[in-house]
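Student: Structure provided below as structure tokens; questions to follow.
The values are calculated or read from the model by the stated rules, or taken from the named source; none is laboratory data. Since this is a predicted model, take the numbers as computed values, not measurements. Cβ: placed from backbone, ideal geometry, glycine included. Neighbour counts: every protein chain shown.
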Amino acid sequence: MTRLPIRHGPHHLTRSRIAMAHNKSRDLSLELAAHFIVALYAATRGRSGRCRRIADCAERAGIKKAAEIKTAVSTAEKAGFLVVHVDEPAVMLTAKGLEVAAKRG
């Protein structure tokens with residue numbers, strides 16, 4: 001059996017570095033989602049049952065990159081903060097999303 005040498009150095013990815021990168025990515029996703037739901041809350045004046053266009057909410061939140069918009073919406077949806085409209089690019093806050101956005105806003 002051939003054993004490969006254990007590599008150490010500044011460019012070697014350790015489990016802790018991979019976990020740290022994953023945590024930073026998750027933190028960024030949550031931060032984008034938070035900005036997005038607060039913007040949606042402001043756009044709907046905190047009323048339930050109101051849909052707003054994704055692009056308008058992203059602009060209000062200061063999220064410009066398409067990938068970041070997608071991340072914000074999918075993260076907020078997975079967390080149960082909003083519902084994405086099936087037929088058009090619109091979103092609506094859930095009761096949970098209203099509660100969280102009211103605290104942050």
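Student: Restricting attention to region 66-77, does a residue exist that is of a type in the set (S, T, N, Q), surrounded by 15 or more Cβ atoms within 10 Å (Cβ to Cβ), more than 20 Å from Ala102 (Cβ to Cβ) and modelled with pLDDT of 90 or more?
Tutor: Yes, because at least one residue in region 66-77 is of a type in the set (S, T, N, Q), surrounded by 15 or more Cβ atoms within 10 Å (Cβ to Cβ), more than 20 Å from Ala102 (Cβ to Cβ) and modelled with pLDDT of 90 or more.
Student: Inside region 75-105, can you point out the residues that are touching a residue at least 60 places away in the same chain (Cβ under 8 Å) and farther than 16 Å from Arg60 by Cβ?
Tutor: Val100, Ala102, listed by residue number.
Student: Before we move on, is Val86 loosely packed, with under 15 Cβ neighbours inside 10 Å and either over 18 Å from Glu31 (Cβ atoms) or out of contact with any strand residue (DSSP E or B) (no Cβ under 8 Å at 6 or more places or on another chain) (or both)?
Tutor: So Val86 fits the description; yes.
Student: From the list Val100, Val91, which one is modelled with pLDDT of 95 or more, buried (at least 17 other Cβ atoms within 10 Å of the Cβ) and not aromatic (Phe, Trp, Tyr)?
Tutor: Result of the check over Val100, Val91: Val91.
Student: Of the conditions (1) surrounded by 11 or more Cβ atoms within 10 Å (Cβ to Cβ); (2) modelled with pLDDT under 65, Thr2 fails just one. Which one is it?
Tutor: (1)
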